[in-house]
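Right, one structure below, let's go through it.
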Ligand code: LMR
């Protein structure tokens with residue numbers, strides 16, 4: 001009898017300790033072997049090393065749990081605690097983050113780095129506070145490339161073609177500016193849409209193009225580097241601010257540390273995945289001349305003005321300034 005009582009007490013104690021462990025569910029939509037996928041796994045590893053017995057992390061990649069729209073609701077409901085949608089997907093909650101979608105705004109990923117680390121970029125992290133969301137940090141994926149089944153060398157080549165786009169009005173306007181027809185579609189639907197001809201083309205980064213095999217169903221890629229796909233690590237503000245301070249601070253430190261690794265890795269992955277696409281022999285990667293690129297820029301840049309009131313002139317100017325290294 002005494003033995004039984006001790007056993008029951010031990011069981012109760014362990015259940016009690018399990019209850020105290022904070023569980024963080026991290027949901028995202030890309031493959032594991034991409035910058036975001038690798039970053040999520042590294043985050044789990046470091047958290048479970050440094051906050052052992054206090055925090056556990058569960059990762060759900062490939063939109064297994066939610067797509068990028070649903071995950072925002074899930075954050076508020078407490079069904080997941082972390083998500084990392086691309087910066088193109090927050091328009092419902094703030095118009096300011098649309099700055100990241102403006103075509104040809106950032107000359108390369110280093111300019112994006114400077115802007116995100118600077119005062120304006122940091123302020124944007126809290127731009128969704130009134131909806132209950134908190135941006136914790138940014139992670140890179142990389143520069144976007146255009147593709148279609150016809151060679152896209154100059155803007156008129158895109159005229160009349162249907163392009164899959166993310167849920168972004170800026171990207172919509174960008175394609176309308178070249179006479180194309182943009183279609184907002186979930187990431188999980190892109191391969192099929194390209195394969196069945198629902199759309200003729202798309203834009204994405206090398207890691208997404210490679211990991212989701214878009215190159216199998218597109219005849220030509222044009223290296224335009226005309227925009228970026230980057231991520232906001234986002235959480236439920238109330239949940240985050242309610243965490244014990246020591247744990248919250250450590251988690252934030254880890255996210256930033258992992259972000260540095262992801263950003264470094266993202267450039268290597270982009271290079272490697274670009275080469276894999278070329279070596280596959282399934283598609284043709286076109287390099288554009290300076291004159292051809294200038295034509296895309298001229299055609300798409302009016303979009304900046306179109307969204308200036310929504311985003312804020314000062315935000316666009318700050319981003320543009322960061323093209324020059326300080
Ligand atoms: C897309 O929808 O194409 C991207 O946002 C996917 C991603 O998360 O990189």
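Computed from the coordinates by the stated procedures, all read-outs in this text should not be read as laboratory data. Everything numeric here is computed off the predicted structure, so don't read it as measured data. Positions of Cβ are backbone-derived with ideal geometry, glycine not excepted, and every protein chain shown enters the neighbour counts.
By DSSP, the beta bridges lying fully in segment 2-321 are antiparallel in about 50 percent of cases. Taking a ≥ b ≥ c as the square roots of the eigenvalues of the Cα gyration tensor, segment 285-326 is classed as oblate, since a/c reaches at least 1.5 and a/b does not exceed b/c.
Mean projected area of the Cα convex hull of the chain, taken over all directions, amounts to 19.0 nm².
Neighbour counts of C-beta atoms inside 10 Å place 215, 60 in the sequence 60, 215, starting with the fewest. Specify the angular offset, from 0 to 90 degrees and rounded to the nearest 10, of the alpha carbon long axis of helix 35-50 from the longest principal axis of the alpha carbons in the chain. Taking Cα atoms only, the helix is inclined about 20 degrees.
Size descriptors for segment 130-188 (Cα atoms only): Rg and Dmax, in that order, 14.7, 45 Å.
Between segment 289-326 and segment 260-283, what is the C-alpha centre distance in whole Å? Their Cα centres are 26 Å away from one another. With the simple spin-label model, which puts each label point 7 Å out from Cα in the Cβ direction, the residue 117 to residue 301 separation comes to 2.7 nm. Multiplying the residue separation of residue 188 and residue 241 by 0.36 nm and removing their Cα-Cα distance gives an extension gain of 15.8 nm.
First check a/c for segment 198-326, with a ≥ b ≥ c the square roots of the eigenvalues of its C-alpha gyration tensor; if it is under 1.5, answer rounded, and if not, answer prolate when a/b is larger than b/c or oblate otherwise. It comes out oblate by the Cα gyration axes. Counting neighbouring Cβ atoms within 10 Å and putting the fewest first, the residues 213, 271 line up as 271, 213. Averaging the sequence gap over all C-alpha pairs within less than 8 Å and six or more residues apart, then dividing by the number of residues, gives the chain a relative contact order of 25 percent.
Projected label points at residue 70 and residue 32, each 7 Å from Cα along the beta carbon direction, are separated by 2.2 nanometres. The long axis of helix 2-20 is offset from the longest Cα principal axis of the chain by roughly 30 degrees.
Counting neighbouring beta carbons within 10 Å and listing from fewest to most, the residues 86, 325 come out as 325, 86.
Summary of the geometry: segment 97-148 and segment 32-46, compared by the centres of their Cα atoms, lie 19 Å apart.
Modelled label positions at residue 323 and residue 223, each set 7 Å beyond Cα in the direction of Cβ, lie 2.0 nm from each other.
Here segment 53-114 is described by how far its Cα atoms reach on the three principal axes: 42, 28, 21 Å, from widest to narrowest.
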